[in-house]
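*Asks:* Dropping the structure in here first, questions after.
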Amino acid sequence: MLLRLKYLKLLVGLLVVTCYIGLTLAQFPRECVTPDGLRSGQCCPSPTGVAGDACGSISGRGQCLSIAADSRRHGPQYPYVGRDDRERWPLRFFNRTCQCNGNFSGFNCGRCKHGLTGPNCDQRISVVRRNIMQMSTAEKQAFVKALDQAKSTVHPNLVICTRRYQEVLGPDGNSPQFENVTIYNYFVWSHYYSVSKTFLGPGQASFGGVDFSHEGPGFVTWHRFHLLQLERDMQDMLGDPTFALPYWNFAIGGDECDICTDELLGARSTFDLNSISPNSVFSQWRVICESVEDYDTLGTVCNSTESSPIRRNPAGNVARPMVQRLPEPRDVLDCLELNTFDTPPYYSTSSESFRNSIEGYSAPQGPYDPVIRSLHNLAHLFLNGTGGQTHLSPNDPIFVLLHTFTDAVFDEWLRRHQPGEISYPEENAPIGHNGRFNMVPFWPPVTNAEMFVSASENLGYSYDVQWPAGAFTLSEIITMAIVAAVVVVVLVGGAIACAARARSHHSAEALEPLLSETFRRYSEDDRRSDKSQSVV
């Protein structure tokens, strides 16, 4: 009854302190954002609710320790110090949290790391992310229904901050400025928070040259964890640990959005070319984090208030013909052939960088060109609407499937090149992108380097992808020609040798007729004997 009353309070929007045994892959657990918790800078809940059992220390699951935050040099793109709550995340808000032992994980060490399950977190479990176009009708319907449920289901254990840290305790210094948020809207909010500008004060223009999840090596690692948290939140919501996010293979070329149907992510409305068909459930969705002017001039932070409907008009940007077509299959293959994960300055101007090519600021073959938008970026711009605006893009659910495919390409690159952690830059990347930087705004803290691993071996999921075959290179053609020539020579030589041996055999038979006659009889007897045996 007590849990039911607490849940009722949550639904009506009251901030309550719950004792939920789960993994908060988000900003902060609800039970830590009390006035005392914020003033102490400590967030070390107990998974059991027993006093003195912070982080499950009694059973050896974890302990409450100081947070390690990256202090290495970052790139020159962000010139300030101490002006942004996200610097050295999350020390502005909390400096002590649960450090879990072994395979335990979560904000209170009450759950297992990704890909593991069981009381001791020692049993492997994995899900397979599949092409949504190859799923059955029932599977497609179930996925759409699950997304819609996540859009309306209040997250059971996290809240979002709606003010900067200096105002986080409210006007009276005792009213934490946090709000409840739905599972899907948190997914949107966390992306917005990572890309929002730095507020420099009233009357000053906010600084926009900062992005904690794009234009740097953390692009692939940040979005990987972003998807992981949504997938696990939806697994918990559905009570189904086998649930997996599908992907959209956007590298199909052409100017048609094959998943923009009412069966899937919503067709184009016949009444308004920039809207979603009223026959799709997504036409009822409303976006959050749209009041950018207020955020930049007043220093406010996006809250959970919903506003306008999703806008989308695939291939409809007539002013930019280059974004009216989707990437080609060959673009993915070219990108996968790049040998280096990232190159200095580890930014959107990097050349011969796999990361910058898959993100879409460089050509798929590697060279940087300020005019080019390819792969991930091109797919976003092709959507031409909500999905093409960085701070709003996750509001369009196509974002989920677009990024699972981007992550699939990243995972395939890791499989082919086996780069090792040393390939990820430890310093001089843009702020938020160094290997040991705790990704903003995830909680408990998780670094970029922790996501620079094979998904199937470390994170509990894999992809079912048929990668297109590439055209043969000149060296491959020459090699195959040489091998073919050698095979022909061997075959011709073998045929000549056999013919010579046959002539020699016939000559011997002519000279020794009795031997020939005897051999034939033996052979015939042998065949009869074999036949008799086979019949038996």
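*Asks:* Excluding residue 310 itself, calculate the net charge of residues whose Cβ lies under 9 Å from the Cβ of residue 310, where each Lys or Arg counts +1 and each Asp or Glu counts -1. Intermediate results must be reported in sequence, preceding the final value.
*Replies:* On the way: positive: 286, 311, 312; negative: 396.
Residues near residue 310 contribute +2 overall.
*Asks:* Cβ under 10 Å from residue 452's Cβ, residue 452 left aside: what net charge do those residues give with Lys, Arg +1 and Asp, Glu -1?
*Replies:* Details: positive: 224; negative: 421, 450.
My count for the surroundings of residue 452 gives -1.
*Asks:* State the three equivalent ellipsoid semi-axes of the chain, derived from the C-alpha gyration tensor as the square roots of 5 times its eigenvalues, in descending order and whole Å. Walk me through the intermediate numbers first.
*Replies:* Working: eigenvalues 632, 172, 122 Å².
Listed largest to smallest, the semi-axes of the chain are 56, 29, 25 Å.
*Asks:* Could you order 240, 84 by accessible surface area, starting with the largest, using a probe radius of 1.4 Å?
*Replies:* Reading off the accessible areas and sorting them downward yields 240, 84.
*Asks:* So for 451, 237, 133, what's the accessible-area order with a 1.4 Å probe, most first?
*Replies:* Details: 451 10, 237 40, 133 75 Å².
Reading off the accessible areas and sorting them downward yields 133, 237, 451.
*Asks:* Could you order 34, 270 by accessible surface area, starting with the largest, using a probe radius of 1.4 Å? Show your work: numbers first, answer last.
*Replies:* Numbers: 34 45, 270 125 Å².
Sorted by accessible area, descending: 270, 34.
*Asks:* Grab the other residues whose beta carbon is less than 10 angstrom from that of residue 43, score K and R as +1, D and E as -1, and report the net.
*Replies:* On the way: positive: 96; negative: 31.
Overall, the nearby charge balance is 0.
*Asks:* Regarding segment 337-441, what whole-number volume in Å³ per residue does the convex hull of its Cα atoms give? Working shown, then result.
*Replies:* Values: hull volume 11.3 nm³, N = 105.
Convex hull of Cα atoms, per residue: 108 Å³.
*Asks:* Could you give each residue of segment 331-342 its phi-based ³J(HN,Hα) in whole Hz, using Karplus coefficients 6.51, -1.76, 1.60 with θ = phi - 60°, and x for Gly or Pro?
*Replies:* Values per residue, Gly and Pro as x: 4, 5, 5, 4, 4, 5, 7, 5, 7, 9, 4, 8 Hz.
*Asks:* By the gyration tensor of its Cα atoms, with a ≥ b ≥ c the square roots of the eigenvalues, what is the shape of segment 131-200: rounded for a/c under 1.5, prolate for a/b over b/c, or oblate?
*Replies:* Details: a/c = 6.27, a/b = 2.34, b/c = 2.68.
The shape class here is oblate.
*Asks:* Quick check for the chain: number of Lys pairs with alpha-carbon distance under 30 Å, counting only pairs 8 or more apart or on different chains?
*Replies:* 10
*Asks:* Taking +1 at the Cβ of each Lys and Arg and -1 at the Cβ of each Asp and Glu, which of 68, 47, 127 sits farthest along the dipole of segment 43-157 towards its positive end, judged by Cα position relative to the Cα centre?
*Replies:* Towards the positive end, the residue furthest out is 127.
*Asks:* State log₁₀ I(q)/I(0) for segment 188-334 at q = 0.11, 0.18, 0.19, 0.21 Å⁻¹ as given by the Debye formula over alpha-carbon point scatterers of equal weight, solvent excluded.
*Replies:* Scattering profile of segment 188-334, log10 relative to I(0): -0.63, -1.45, -1.45, -1.39.
*Asks:* Next up: Please give the solvent-accessible surface of residue 305 in Å², to the nearest 10, using a probe radius of 1.4 Å with every protein chain present.
*Replies:* Residue 305 has an accessible surface of roughly 90 Å² with all protein chains in place.
The values are calculated or read from the model by the stated rules, or taken from the named source; none is laboratory data. On a predicted model such as this, the values are computed, not experimentally measured, just so you know. Ideal geometry is used to build each Cβ from the backbone, glycine not excepted, and the neighbour counts take in all protein chains shown. Note: areas computed on protein heavy atoms with side chains; ligands, DNA, RNA excluded. Shrake-Rupley method; radii C 1.70, N 1.55, O 1.52, S 1.80 Å.
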